[in-house]
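Student: Quick one: the structure is below, questions incoming.
Derivation of every value follows stated rules applied to the coordinates shown; laboratory data play no part. Worth saying up front: this structure is predicted, and the values here are computed from it rather than measured. Using ideal geometry, Cβ is built from the backbone for each residue, glycine included, and neighbour counts are taken over all protein chains shown.
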Amino acid sequence: MPEIKVTPLGAGQDVGRSCILVSIGGKNIMLDCGMHMGYNDDRRFPDFSYIIQNGRLTDFLDCVIISHFHLDHCGALPYMSEMVGYDGPIYMTHPTKAICPILLEDFRKITVDKKGETNFFTSQMIKDCMKKVVPLNLHQTVQVDDELEIKAYYAGHVLGAAMVHIKVGSESVVYTGDYNMTPDRHLGAAWIDKCRPDILISESTYATTIRDSKRCRERDFLKKVHETIERGGKVLIPVFALGRAQELCILLETFWERMNLKAPIYFSTGLTEKANHYYKLFITWTNQKIRKTFVQRNMFEFKHIKAFDRSYADNPGPMVVFATPGMLHAGQSLQIFKKWAGNEKNMVIMPGYCVQGTIGHKILNGQRKLEVEGRATLDVKLQVEYMSFSAHADAKGIMQLIRMAEPRNMLLVHGEAVKMEFLKGKIEQEFSIDCYMPANGETATVTTNPSVPVDISLNLLKREMALGGSLPDPKKPRSMHGTLIMKDNSLKLVSSEQALKELGLNEHQLRFTCRVQLQDPHSDSDTLHRIYTHLKSVLKGYTTQHLPDGTVIVESIVIKVSSTPEDANTKVILLSWSYQDEDLGSFLSALLKKGLPSGLC
Amino acid sequence: MAAHLKKRVYEEFSKVVQIPHEDVPAKKLRLSKPSKSAALHIDLCKATNSTDALQYLLQFSRKPVEAESVEGVIRILLEHYYKESDNSVRLKIASLLGLLSKTQGFSPDCIIDEAINTLNNEKSHQVLAQLLDTLLIIGAQLPESPTVRQRLIEVACKHLSDTYFGVRNKCLQLLGCLGMVDTPMNKDSNVLGGVRDVQSIISDYFGDQDPRVRTAALKAMLELHERGMRIHQIIYDQACRLLSDDYEQVRSAAVQMVWVLSQLYPESIVPIPSSNEEIRLVDDAFGKISHMVSDGSWMVRVQAAKTLGSMLQVSPHFLEQTLDKKLMSDLRRKRTAHERAKELFASGEFSSGRKWADDAPKEKLDTNTVNLIASGACGAFVHGLEDEMFEVRIAAVEALCQLARSSSSFAEKCLDFLVDMFNDEIEEVRLQSIHVLREISTHITLREDQLDTVLAVLEDSSRDIREALHELLCYTNVSTKECIQLALLELLKNLNKYPTDRNSVWKCLKFLGSRHPTLVLPLVPELLSTHPYFDTPEPDMDDPAYIAVLVLVFNAAKSCPTMPALFSDHTFRHYAYLRDSLSHLVPPLRLPGRKQLYGLDSVDSGCGSGSVESAQLFLQQSLNRVSTIQNLEAPGAQELLDFTIRDLQRLGQLQTELAGAADFCATYLNCQLLLMKALQEKLWNVAVPLCFKQNVTATAAAQQILEETYKLEFLYSGLESRQVATIHLVRLQAKALQLTLTARTRQGLDTLISSCERFLQDIESFQRLFLTELPHLHNSFVEKLLELIPRLSSCKPVEMVKVLQTTLRQSGLLQLSLPVQIHRATATIIEPTGESDNPLRFTSGLVVALDVDATLEHVQDPQTTVKVQVLYPDGQKHVIHPKPGDFRRPGPDRHRLITQVYLSHTAWTEPSQVEVCLLLAYSASTASLSPPPRLGWSDSIDSLPPPEASVEGTIPFSKSVKVYIMPKPARR
């Protein structure tokens, strides 16, 4: 039985450094190539030695597919392609291709220039890596080679995020990347057609969460920001530069506009301007509202949101600041946080998931005294709020996607093991399909039952149809005679004559003959006639002929009568039939053995 | 083959009979046009190959065919059909057959046999499908013939097993449109040998391999339902299975099918698969359709969301699930309250995502009770309201509204969700949800936090949203006095931010006050800032915010007699002022100790309805009094009319309910008065040659009467044909007056003759239009004229003028009967206010946009009739047609025009004023009551009769507003 093997190198029962290997129909595909935010050592990248031990990456992998531009999905790409060495195609959507290098460059700068790491990929490597990228369009089927084809579907989550449908022959796998089933202010909802893949590899970040309606969340968020502003406090919203940041910007921007508010909103990073430019360009990837109104006004041209300068943090009066990074583990957001943490009028809103070990995670868990570098403690007096704005599908969303795609097996990645366990149970119970959740390095194997396509010659089909009389019933199987030829990797069903001709063989006739002794007091010709009338009355649907040369022919069966010289009354009936008429022949011989009924004339 | 040849022979034979029969009358009728059939025949014979033939047919299909030659044409087409070997030509012929059978006045039953015969030998599937389509058209033309139907159904059944989907589609369509509704077919089944019920035949194709055929089968079934056939309940299961079809059209049709069945058999019981329980069918269907709200295709989602709204019989607990996203358990299996409680507990294992880390794993719960997805109705509306496509969201909001109106507990529950929708990104959705909330607001009382969210929207910069919200607040019930205070505060904030909302905010407070008098009462001292010991400064009477507060307080005081005791002196003074200046906002109050001063008001308040009646009585009496005037020249008649007109005008001002009627009467009487005066001029006694230009006043009067009659006819709504007849009569009188006056001044006989002819035409059309009303016009001008008409039409103009003059003088005053409701169309321009001293500056030659905001009342079809007129200081007039989209309809008989008017002019040296006013356009054709009969598709345009002479004009119906503008010369 053919098998599909899935091995996560990263993101198996874990969030971060997504990298999943899939072997399907003899093809090997790498899905995503990300880095881990929580580590600064070798664990930050996926363990490519798993592959290299069998030779070079390029020899092993047929293609690499990147689902979206978040660093935990593409952060290790230059490392893999340039430092480990991979020259095959890398597939990603147009927006991802545009924005990904910006983020990689930023990441490189922070690691090399700020932290002073060596042995890291260079700007040139990022450029070289991006040269290997083949862009994808939504719903466009791309042939990687003769057998492997991939197709991208809209995934929501961030601009340009895609789910990919990978197909080899009749086996297929869908990898979701990160996706969102509820539309938001700037992106639509993920959508896939009923492609019935063999495995659906889905993220499961929010495996145990069913979120409130997004409207409640938005209202809460706006209300909290508004209240803090009104009492003169400052609001810090730590975000990652791209993705949620734009969502929240649009939310606040439209709110400011609708309510005519005056307090300044700042955005802290220079990189956003570059990225916002791409957001303005890729309007087709956004949601209905933005797509429809961009002619009047592009929603990403913000009126109220201005660039942040470090000195503004000390300005008096209310303000809202978006600052990177999102988990308060380093950079500007942490600096501003330290400045504002002492005042209880201020507020920090964590709009998404925080990895364990980051300051974001600590303060969300209620820690009020933090140890920052230099062993000084920091009293956290400002209000800490958590708003789930991350654009991942929740439990119900995951179930909804399963219902949309109708997979035969399910595989969960990109989530915490305990939560996955829960969702796995639900899926197995609800859809009664198998669900896998391999850890990193573990291989999940799914046996498939692919249908094998066979070409059938039209003549044969027509002949069979003519035989059958009425139209075939599509619900009932029907058997037919033919010869299966396997040649040049293809299967063909043809009639036996044609098969013989193609193979250059002579046809051999196989005939069975049989003698039946019969007691009949009539002359030979009379006996034959009696047999003829008897058979005619028994075999209604068949052509029975009495030929003048003293034979009776039923279909292709020849019947002759001769009397034994010893006893004129004992007649020997000679039956002869071909192999094809075996059934009828044996029936006739059995029938004649019983003798002729007396009532015949 | 022999049979085919025989048929050919038969066809030839029939042609020989037909053609002379057809051609002879055609020749007689129109010599210029050769018969279509003959021409076609020749063309088709000429065609050497199929392309040519197709060209001829295409040309032919563009031309109309008259009903009497259709049959001949069809026979020729059929003949060619049999000869033709090319599929495309046959296809075209088949489609032409269908087109021709639709010709009005042609009955296709004579060709039905031939049409059915063509099917037998047809090999091409496409042509077959087209032929079936033709049969469908023929069948639809002959609804009264059961035998034809029977035959067509047999044909359809025969071809149902075709391999081509199009043929099966058409067969199903045929079955759907023609299947017997009233008589069950199994009655005939013995005779016809196993003809089955149409429904079961159609339902066999629910499982067809082609999705298009499945859709067609569902549609055919729906068509049967539309035509009144009772769909069997057995289909329900099949329809439910189709809800999970791979193709969206099928799913969409299946949603409709399931809905139809749920409406037909709401109470029947269906089993739940995988359990031994049963529920009502409507509940089951509701669950299944709710499921479709999260379908992959948005068309299906819209369909499903819309459908949900009309399933009112669904059980309340199912309904409430649609708003619950977290309760994931399969509620259909619930049996006891104990189980239910357990499940509620179980549902808590999912975190809401609102608090950090509340999804930390707890102990494993019994997952059997928690079902994530098969729970049907769960959260359907939560999904629908969050949908990506605003079409789905609007459909969901509307469905929510329909369901909430029928169930108050559901209304209570969906409140939060609707309030959330106020924050939608698309204004249309926000507006719609505000409207919906208003509609269901009778069921609900807003809590303080909900009110808070609602009021937050008052800061919205869109005017439509704010006004919709004001409207909503007018109907809202609130529970505490804090709510009132909050609402007032926010409304005042709104007023401060957007001063143009003044009227709308005041109106809103008026209703808020009169709805919650007891809640306002404890707030009064604070609101009016009175103090028990000290006198507080008197607030500024021109402050809109202070007026707003007073409106709230006075309206509350109306049903709360203790409140006036809390007022301070100046409040009473302000009351008197406001009662006069804003009488529509401030109700009459019975104030202690001030009865003598405000006697009139208290009488008004005492018998509000009685006063309307008395006013009505007064109106009627005045009219009766006027009707005593027998002759226009009766002495004292003029004075009486003068008085009555004045009375009526004043009545109209006093009693708004009767303003329309009073104005109408006054205008009518004014016409009579003018006529009377004109007839009593001295000039009538002077010999013709002597008076040259002395009849200026009379001419002006005639003109004025004419204009007034147009006003009477088009400015007032609710007129019956009796009144219209009266108005036309007056107009006729005015025209007669004009005619006599022309006769006296002009010497030219030609003009006189032509105007006499025109007048006679007028009389004729009057007679035609108001034939039914003539008996009521007893002893009137027209009656007399009609008696004289044989004489008039033959006599000379001069004589006719004389007759007219005497009749005019003799005719009496026709009494006006009042219709039940009569309203005058009015318009008020809210913006521009005309108060600004700053001129609007712009470069001359370019345009400047002026925002115009006006309310229109009692205007029918404002999109076509209302225009904006701009009058420049140099007398230039521009009439601007607003776009249909600029009109909104906030209430019955009320419209709102918000538009931009583009002004442009050459340079001026000084700023100057332009006048903007609204016009009501009318077009009074002489035969206005009956639109000209539509011509068939036959004749070309040049044979159309010239449009009838109609009088078009405009009536200004709003006060004009002056706008200061200043076009500056362009800088070089």
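Student: Counting every Cα pair in the range B:48-133, what percent are over 20 Å apart?
Tutor: Tail of the P(r) past 20 Å holds 28 percent of the pairs.
Student: Any chance you could list the semi-axes, whole Å, largest first, of the equivalent ellipsoid that the Cα gyration tensor gives for the range B:237-328, using √(5λ)?
Tutor: Value: 19, 16, 13 Å, ordered largest first.
Student: Okay, next question. Describe numerically, in nm with one decimal, the distance between label points set 7 Å from Cα along Cα→Cβ at B:Thr445 and at B:Ser461.
Tutor: Placing both labels 7 Å beyond Cα along the Cβ direction yields 3.9 nm.
Student: Considering only the other residues whose Cβ falls under 12 Å of the Cβ of B:Val916, what net charge follows from Lys and Arg at +1 and Asp and Glu at -1?
Tutor: So the surrounding residues net to 0.
Student: Provide the gained length on full extension for the span B:Asp535 to B:Gln767, in nm with one decimal, where the gain is 0.36 nm per separating residue minus the Cα-Cα distance.
Tutor: Here the segment from B:Asp535 to B:Gln767 would lengthen by 76.1 nm.
Student: Further, regarding this structure: Could you pull out the chymotrypsin sites (Phe, Trp or Tyr not before Pro) across the range A:218-325 that fall in loop regions by DSSP (anything but H, G, I, E, B) with no more than 11 other Cβ atoms inside 10 Å?
Tutor: Loop-located and lightly packed - none at all.
Student: Moving to a separate point now. Taking only the C-alpha atoms, wrap a convex hull around chain A and report its volume per residue in Å³ as a whole number.
Tutor: Normalising the Cα hull of chain A by residue number yields 221 Å³.
Student: To continue, here is another question. Just rank A:Asp524, B:Asp540, fewest to most, by other beta-carbon atoms within 10 angstrom.
Tutor: B:Asp540, A:Asp524
Student: In the range A:511-594, what is the count of Lys pairs whose alpha carbons are under 15 Å apart, counting only pairs at least 8 residues apart or on separate chains?
Tutor: Counting lysine pairs in the range A:511-594 gives 4.
Student: Can you give the Rg and Dmax of the range A:214-386 based on its C-alpha atoms, in angstrom?
Tutor: 16.2, 54
Student: List the aspartates and glutamates whose alpha-carbon lies under 16 Å from that of A:Lys369, not counting same-chain residues fewer than 8 positions away?
Tutor: A:Glu344, A:Asp379
Student: OK, next. Give the Kirkwood hydrodynamic radius (Å, one decimal) of the range A:1-129, defined as one over the mean of 1/r across all pairs of different Cα atoms.
Tutor: 14.8 Å
Student: Further question on the same structure: What are the ³J(HN,Hα) values, in whole Hz, obtained from phi via the Karplus relation 6.51 cos²θ - 1.76 cosθ + 1.60 with θ = phi - 60°, for each residue of the range B:125-138 in sequence order, with x given for Gly and Pro?
Tutor: Result, ordered by residue: 5, 4, 5, 4, 4, 5, 5, 5, 4, 4, 4, 4, 5, 4 Hz.
Student: Express in nm, to one decimal, how much length is gained between B:Leu99 and B:Thr833 on full extension, taking 0.36 nm for each residue of separation and deducting their alpha carbon distance.
Tutor: Extending this stretch completely gives an extra 258.3 nm.
Student: While we're here: So for A:Trp577, A:Trp191, B:Trp908, fewest C-beta neighbours within 10 Å to most, what's the order?
Tutor: Taking fewest neighbouring Cβ atoms as first place, the list is B:Trp908, A:Trp191, A:Trp577.
Student: Be a star and scan the range B:133-170 for residues whose amide nitrogen sits under 18 Å from the point 7 Å along the Cα-to-Cβ vector of B:Glu226.
Tutor: B:133-144, B:169-170
Student: Moving on to the next point. Given labels modelled 7 Å from the Cα in the Cβ direction, how far is it in nm from A:Asn315 to A:Gln356?
Tutor: 4.1 nm
Student: Another question, then. For the range A:214-386, calculate the relative contact order in percent as a whole number, restricting contacts to Cα pairs under 8 Å that are 6 or more residues apart.
Tutor: 30 percent
Student: Between the range B:138-167 and the range A:535-599, what's the alpha-carbon centroid distance in Å?
Tutor: Spelled out, the Cα-based centre of one part sits 51 Å from the other.
Student: With 26 Å as the limit, write out which pairs from A:Lys476/B:Lys158; B:Lys63/B:Lys83; A:Lys462/A:Lys501; A:Lys167/A:Lys292; B:Lys507/B:Lys711; B:Lys711/B:Lys802 have Cα-Cα distances beyond it, or answer none.
Tutor: Distance filter (> 26 Å) returns A:Lys167/A:Lys292; B:Lys507/B:Lys711; B:Lys711/B:Lys802.
Student: While we're here: Send over the Kirkwood Rh of the protein assembly as shown, from the inverse of the averaged 1/r over different Cα pairs, rounded to one decimal Å.
Tutor: Its Kirkwood hydrodynamic radius stands at 42.2 Å.
Student: For a Förster distance of 25 Å, can you work out the FRET efficiency between the beta-carbons of B:Asp893 and B:Phe618, rounded to the nearest 0.05?
Tutor: 0.50
Student: Strictly over 29 Å apart at the Cα level, which of B:Lys558/B:Lys867; A:Lys109/A:Lys306; A:Lys114/A:Lys306; A:Lys27/A:Lys289; A:Lys109/A:Lys339 would you flag in this model?
Tutor: Pairs exceeding the cut-off: B:Lys558/B:Lys867; A:Lys27/A:Lys289.
Student: Given points 7 Å out from each Cα along the Cα-Cβ axis, report the B:Ser923 to B:Thr562 separation in nanometres with one decimal.
Tutor: 6.5 nm
Student: Taking chain A as the reference, fit the longest principal axis to its C-alpha atoms, fit the long axis of helix A:244-259 to the helix C-alpha atoms, and give the angle between the two in degrees, 0 to 90, nearest 10.
Tutor: So the inclination is approximately 60 degrees.
Student: Ok, one more. In terms of modelled amide H atoms, which long-range or inter-chain residues lie less than 5 Å from the amide H of B:Asn477?
Tutor: Counting only residues 5 or more places away or on other chains, the set is B:Leu446.
Student: At R0 = 51 Å, how high is the FRET efficiency between B:Arg241 and B:His881 if r is their beta carbon distance? Nearest 0.05 is fine.
Tutor: 0.40
Student: Which of B:Glu783, B:Glu952, B:Glu428 comes first, and how do the rest follow, when ranked by fewest Cβ neighbours within 10 Å?
Tutor: B:Glu952, B:Glu428, B:Glu783
Student: Could you give the Stokes-Einstein D for the range B:614-810 in µm² per second, using the C-alpha Kirkwood radius, 4 °C, 1.567 mPa s?
Tutor: In µm²/s, the coefficient is 73.
Student: A further question follows. Set the Förster distance to 25 Å, then compute FRET efficiency between A:Leu584 and A:Thr564 from the Cβ-Cβ distance, nearest 0.05.
Tutor: The formula returns an efficiency of 0.45 here.
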